[in-house]
Every structure is written in structure tokens, then in C-alpha cells.
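Following: one structure in C-alpha cells, then a few remarks.
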There are 10 protein chains.
Amino acid sequence: MLFHVRMRVHLPHDLDPAVEEELKSREKARAQELQRAGTWRHLWRVAGCYANISIFDVDSHEQLHDILSGLPLFPYLDIDVTPLAQHPSALPEI
Amino acid sequence: MLFHVRMRVHLPHDLDPAVEEELKSREKARAQELQRAGTWRHLWRVAGCYANISIFDVDSHEQLHDILSGLPLFPYLDIDVTPLAQHPSALPEI
Amino acid sequence: MLFHVRMRVHLPHDLDPAVEEELKSREKARAQELQRAGTWRHLWRVAGCYANISIFDVDSHEQLHDILSGLPLFPYLDIDVTPLAQHPSALPEI
Amino acid sequence: MLFHVRMRVHLPHDLDPAVEEELKSREKARAQELQRAGTWRHLWRVAGCYANISIFDVDSHEQLHDILSGLPLFPYLDIDVTPLAQHPSALPEI
Amino acid sequence: MLFHVRMRVHLPHDLDPAVEEELKSREKARAQELQRAGTWRHLWRVAGCYANISIFDVDSHEQLHDILSGLPLFPYLDIDVTPLAQHPSALPEI
Amino acid sequence: MLFHVRMRVHLPHDLDPAVEEELKSREKARAQELQRAGTWRHLWRVAGCYANISIFDVDSHEQLHDILSGLPLFPYLDIDVTPLAQHPSALPEI
Amino acid sequence: MLFHVRMRVHLPHDLDPAVEEELKSREKARAQELQRAGTWRHLWRVAGCYANISIFDVDSHEQLHDILSGLPLFPYLDIDVTPLAQHPSALPEI
Amino acid sequence: MLFHVRMRVHLPHDLDPAVEEELKSREKARAQELQRAGTWRHLWRVAGCYANISIFDVDSHEQLHDILSGLPLFPYLDIDVTPLAQHPSALPEI
Amino acid sequence: MLFHVRMRVHLPHDLDPAVEEELKSREKARAQELQRAGTWRHLWRVAGCYANISIFDVDSHEQLHDILSGLPLFPYLDIDVTPLAQHPSALPEI
Amino acid sequence: MLFHVRMRVHLPHDLDPAVEEELKSREKARAQELQRAGTWRHLWRVAGCYANISIFDVDSHEQLHDILSGLPLFPYLDIDVTPLAQHPSALPEI
């Protein structure tokens, strides 16, 4: 089932640059692992902001929570979750 | 280029049911026409609300405005537009 | 899977009293039918407001949307949906 | 009498990890003690957020305040309290 | 137990003046009946606004809801309810 | 003349515990002094929050400002002030 | 004592033009009467909006409420009231 | 001097189409007259919304208010006004 | 031309008391200098808050910005600026 | 294509003054470079605030994001982006 997730990143200004670099690198690796698994279905940058809009496809709310709360940047994220349903006017996606 | 669009429908309670039916039917036809053209890339229902979240792929802001302001339900829509960019952690979509 | 749903009712002041009575009576019957089916797990009145807080247990986002958008009072409802997950400190409910 | 309580946790980024671990462990023990006592009637995780939605059953506002303000994580909680009443369409809970 | 209640009145501009007069007169009678009963403990006008701030003393959330939802002006009220507890620095009220 | 005042306390997490204790103790003493003087007419705890709702009876805006800005916890308070007037439906308070 | 008052006018679109003209004319006459009396000390237009910012000098909250709620346009006004005190850096006004 | 003005149009759904057409036509004529005069310096459509963002160059607040409140669509506009100053990093506009 | 300015002061809790005292003293001197010059026309304290409401009379937006951004407390101020125009119902100020 | 961008600067109070000076100097240089390139079409100061309103002309959302996220002050900016389209009443800009 699909969820629309908006994440806004707020890094503290005094974060150690090496820690920051390592967090971002782990975040990217995890994001790509989840995309390859088909769980993180879409990932877009919000133009001009340190934020993204994503679509997740998960089996349960527990799985969604585990994935989001396990992201390396989770302590610095503001997250909005919106459950999505099939739209009656949507054509089948190929 | 991609835009994230959230539309919330507010139909007046005293709208003539025949007019309402005709508006919705034209809206659906237009939505499917734009999906077939590849312009309305994704269309999801926000679960529990008379609202959708969509992704549009257009060539210009003028085209985006013409499409949205030309929707049959436009006078009854609250619309939020967010420009999207390629995310550095996104894998190529197939 | 569980959803927290908050519904706020806004009836137009000029609604025909007979129509209003019939809507409320159908809403009550439907709410009780869904409670008996185990889908509408909890239903509480927000004290002092024409509003409720509810817990739904559904199989999919499509089922949740069909249930909520099919409520007789749906055109008059403001609805907030929040997906719930098992809490790590929660004891098993009996 | 029942209260709907939403708690959002904001831990400072520079909290000592040992202190954090000890706070969370005491919070969990207290939450389970209150669930066993029948006071903390429901406890759900808000999917994707460091937050919970809970139902408390207490005898007085003083008891509710003592319980919430005595939680180990209280200094880091944003709390919303909503009094709940019996809903006229609710079936008796078993 | 005590509740802080803020009520804001929004009368439709096209309300029949005779109906309006009768509603206000019944509202006043009911407010005074509840004050005499000791249930509506305080009633203040918010200076410059068609609004009041009140303190209610009731035995249950059900009683609070019945009182508020039974007010003649209830369909035109925006109501905020806040549960109050004894403050540790408060002297006993005489 | 009467003012409705809502105060929300935000203590910094790194405040020295001895300083915090002393601030709270002076705040309590001052609150009780003002209650005895009849200036701080009511003082209630907002259940579940580090906040109070109060009614002040002062002779001027200057007196109200001096009292509030002179509270030991003032630098940590979010304060909302609402002027109250006699309500036409209010019975005389005894 | 001084109050800062912001008024925003919302006239219904279907108001009878003759009624509107008469309301505005009575509002203007009353505003000038109160200015001459020294009660409505300042009256400014918010540039670009059907709104004003005003300073009132009254003896009590009851007087302020009577003045504002007695304005001909009162049913169409959104009003914000802010009590003002002497500022320690202000020079005496001549 | 320059002002940034954002206008959002809210036409009532039951506006007579002939009246609407005539209002829009007069609005367009007036907008172009003010552009030719150099007063309405920039006029952009907010993509996807019935709204515009504009830059006005006027001699006084009175002139700005007269222009905006004299627009044919003024009764249906939500207007935000922001005064602009020369930016220290701005190059001279040609 | 006139501007309505609301300033809210947020001093960091760990500001050096000597620095704070010096900032406030320079702020007061500057405020009085601008009042004497007729530029800072009115200055009122918002009762109960570390905030003021002011009226400035300046020749240009550049002058307004230079004055406000040059205030000693500027880095700690939240500032709202509203341009004011002559009100058609206002009597000439003496 | 055009974008309306509003930037609000929030510098931490404990930023090293030399670092701050260098950041601002690089920001100014970059802003002028982008103006000369025709990309940063307009740049205005919001009077009274550490903020600007700007118009950018870019070829893609990726270019817009690269420019904004590459600004020296980006970690301290709150940014709002609004896509602009040609307005049907706008005269051709010379």
C-alpha cells in the first residue's frame, strides 16, 4: 500500500562536518537500497529546499515506521505521512 | 519538468446534482486524456478525503497553468503547486 | 491495520430538518453496522464539539476511503487521517 | 473518564546517550505500569513520527496532570489533551 | 471538575431577527439557570468580540457535552474546551 | 478591571537545577502574595501541560505589565492577554 | 487607558447597496463622533485592505466593548484587541 | 517607491456570468492602463492558481490604496502588501 | 508616510547580562533620538509582553529599513511592517 | 522560466563575526554574478526585515535548486518558491 511522505531536513548548525558527511552518505546508501527493493517507489527533491517528497510502498504501518525511524537522518527530519488510495480516474500505471 | 500538485475539492452543498455529475464526468475524461498524453504522470486519492495528489510533467509554467485552470472542477479546487527536481539519491526511474 | 480518524461535522444552517434527521439516522445505523463488523473499532465524542475521534481497522487504504467517503454525512465532514502502528511500549490488548 | 492525549517527543540533539537510554527505559516501564493499572487504556505509535496517540482513563484532572507531568520524558513532550465523552452512536465496548 | 470553555458566536447575516432575538433570550435564560445551579461558575465577555470565556464545574464529560451541545446558540458556536486542574501555587478559593 | 492571562512555561533543558528550584520557589511566593492581595484572582493548571490560566484584577495596563514582567519566570513565559468585560448574562458573583 | 484595535471589514457580496451605503455613512458619523470625544484617538487605513488600525482611549473594558459592539458595521467586523501600556522609552506625547 | 502585492481572487460560485465577464474585462483594461502609466510595474500569474504577484511603483500609501481599492475585482480579492526597499546587493536595473 | 511596526524581542537566555544592559540602554537612547526627530511617532508597550507597537513616519522604504535594521536590538527582533494610509473617516490630527 | 523566491535569513546569534562577514561578502558576490548572468532577474529587500524577494529566470528545476542550495547563506535561509506564468493582462516587458 502506498504512502506519500514529505521529509524536511534540519541539521544543527554546529554538527561536526565529518559526522554530517557520514550521515548523508549512509542516508543515500539506505535510500538507494530501499529504492532497489521497490519500497521507496519515488524520491524527488523539493526545488530550492533541503526537503524531499517520496512515495513508499509497504505492507504495514509497522514496516513504514521501521523504515522511516531507521533512516540515518531521522533525528533531524520533520516528516508528514499521507495514506494514498487508488484514484477512480487513474489509469493503470505500467 | 515535474510538479507536485495537491488538489482539494470543495463542491457547494447546493450544486445541482446533474451539473455535479456532468462536471465529474468531464473531469474524469480530461484527467485520463492528460494521463494518456504523459502529462499527468501520477494521480492518487488522499485516503478519506475528497482530494488528490498528482505529479505533472510539463514544458512550461504556462502549460501547467493552462492545464490546471482548464480543469472542469477548477472553480472548486484548492491547489498547491510544488516544483520538483531530480534528487541526488534517486535511482533512474525505469 | 489501524487508522486514527478525527471527524468534524459542519451542517449548513439552512439544511432541511427532515433531511438532517434522516442523514443522522442513516449515519448512526452505518456507524453501528461498521462497529459490529469490527471495522470501526472505537468511536468517541469530543466533549463540547460536534466531532468524534475514531479508530478504524481496515485491510487497505481503498477500504478506508470507501468507508469514509460512503458515510451519509461525508459531504459535511472535515476528516483527518493518521496511520497508527504498534507501539514498542504497548502491552498486548486483550 | 476518558482523555485523548497526543504526545510528540523532542529530544535535544546533544542529550547524553546514556541519559537518553535511561529516560526511555524508565518511560517504558512507567507506561506499562499504567497500562496494567488500566489507566493508560490505549497506546499507539503515530507511523513515521516520534509520537504517540493514547487514551487515558482517570478519576480527575489532577490525576491526569500528575500522571502526564510525572512521565520521565515530560520535559521533552508536546502534549495535546482532548476530553472524550460517550458517543450516542457507539456500541458498548466489551 | 473544572473546564475552561471559550465560545465564539457566528450568527448568519440573514438570520430572521425574531428568531435571533428568541435564541438570545433562551440562551440568556439557560446561562443564568446554569449559573444558579453552580455549573456555569464564571462567565466573562471577551472585550470587543461576540465571544465569552467561561468556567464550568461538572461531574463528567457527558454532562459537559450535554450542557454545551444543548445551548440554544450551539449551532452557531465555535467552542474550545480545556480541562483545568488544581494549581500547586493556588490558594484555596473562599 | 479583569484580564484573562494564559502562561506557558518553557524552561531551557540545560537550566541549572538549583537555579530552576529557586526560580520556581520565588514564582510560587509571588503568585501567592498577589493572590492574597486580590490581584491574581484565579489560578488554574492546564491539565497535562506546564501552563496556567489566570484571571487578574488590576487598575491599569501599566500595573498588569509590571506584575507580569516582574514574575521570576517571565523570561521563560509565553503570555497571552485578553481583556474581559462584564457579560450581560452573568449573574453577580458573590 | 489605551487599546490597539485592528478591524477587518467583510461585507457579504449580496448586501443591498442602499443598506451598505447607509451602514457606511452611519459608521463614519459614529467614528467621527468618537474621535471628537477623544475616545477614538487614532484611525488609520491599512493600505490596500478594507481594514483599519485604531487606538482607543477608554475608562473600562465595558466601555470598550460597548463602543466596538455598537459600531454599525460590527456584525461584519473581525476585531483584534491589544491592551497597551506606557513604554519606558517613550517620550511624553504633547 | 515599490510595493510587492499578492492578490488572490475568490469569485462567488453564483456570480452572474455576464457580470463576471464584464468585471474581468474592466479589470484587464485597468491593469493595462496602470502598466502603461508605469505604476503597475510587474504582473505575473501564480501558476495553477487564480492569483497574481505584482510590483507597484507609487508616490504614497494613499495612491497605493486608491489604486488597489479601485480595482473592479477588489471586493473579491485577498490582498497582501509588502513594502520593498533597495537591496544592497542589487545591481542597478536598466 | 506612516508605517505601523510591531516588534517582539527574543533575547537568548544565555546573553551576557552586561551586554544585555548595554544593548537596552543604546536601544532606549536611539528610540528617544528618533522620537525627538519626529520619525518614531508613537511607541507603546504591549501589556504583558516584551513587545511594542509603534508608528513611524519616514520618507522612503530605504529610510524605514535603515532605521529598523540599525536598532541595537535588531538581531533579536521579530518585526511586522504594515503601511498605513489616511482613513476617509479620520479627522485631521492636531 | 520564472520563479518567485522569498528568502528569510536566520543567522545564529553565536556565529563568529569574521565567518559572518565572509559569508555575506561571498553571498553578495554570488548574487551579483547571477544578476549579471540574467538568472537573478530582480532582488528587493523586504523593508524592516532581514529578508529578500527575488525573481529568478532558469531553464530547469535542477538549475533553480543548484543555484539556491549553492548560495553561501543557504544553511541559514528559509526559502519559499512559487512558479510564475505569463499573466493574460500583462503587457510585454521591454
field: Straight-distance crosslink candidates among lysines, where the alpha carbon sits under 28 Å from G:Lys24 and sequence neighbours closer than 8 are dropped
entry: E:Lys24, H:Lys24
- request: Kindly list the residues of segment B:23-42 that lie in the label zone of A:Ser89, defined by a backbone N under 14 Å from the point 7 Å along the Cα-to-C-beta vector.
  value: B:23-37, B:39-42
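For chain C, give the magnitude of the charge dipole about the Cα centre (Cβ charges: +1 Lys/Arg, -1 Asp/Glu; no others), in debye to the nearest 20.
320
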- prompt: So how much accessible area does D:Met7 have, in Å² to the nearest 10, using a 1.4 Å probe?
  reply: 0
- prompt: In the full protein assembly as shown, how much of C:Tyr76 is accessible to a 1.4 Å probe, in Å² to the nearest 10?
  reply: 30
message: Could you tell me the relative contact order of segment J:2-84? Use alpha-carbon pairs under 8 Å, at least six residues apart, and round to a whole percent.
response: 53
message: When 1/r is averaged over all different Cα pairs and the result inverted, which Kirkwood radius in Å belongs to the protein assembly as shown?
response: 31.1
query: Chain D: which residue's Cβ hugs the D-to-C rotation axis most tightly, distance rounded to whole Å?
result: D:His42, 4
statement: With segment D:28-80 reduced to its Cα atoms and the Debye formula applied, log10 I(q)/I(0) at q = 0.16, 0.32 1/Å amounts to -0.47, -1.51
- request: Take every Cα-Cα pair in chain G and report what % of them are more than 21 Å apart.
  value: 35
- line: On complex formation of G with I, accessible surface lost, both sides summed, probe 1.4 Å, nearest 100 Å², amounts to 2600
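The values are calculated or read from the model by the stated rules, or taken from the named source; none is laboratory data. Note that this is a predicted model, so its numbers are computed, not measured. Because the Cβ atoms are built from the backbone with ideal geometry, glycine has one as well, and the counts that use them run over all protein chains shown. Surface accessibility is based on the protein's heavy atoms, side chains included, excluding ligands, DNA and RNA. Shrake-Rupley method; radii C 1.70, N 1.55, O 1.52, S 1.80 Å.
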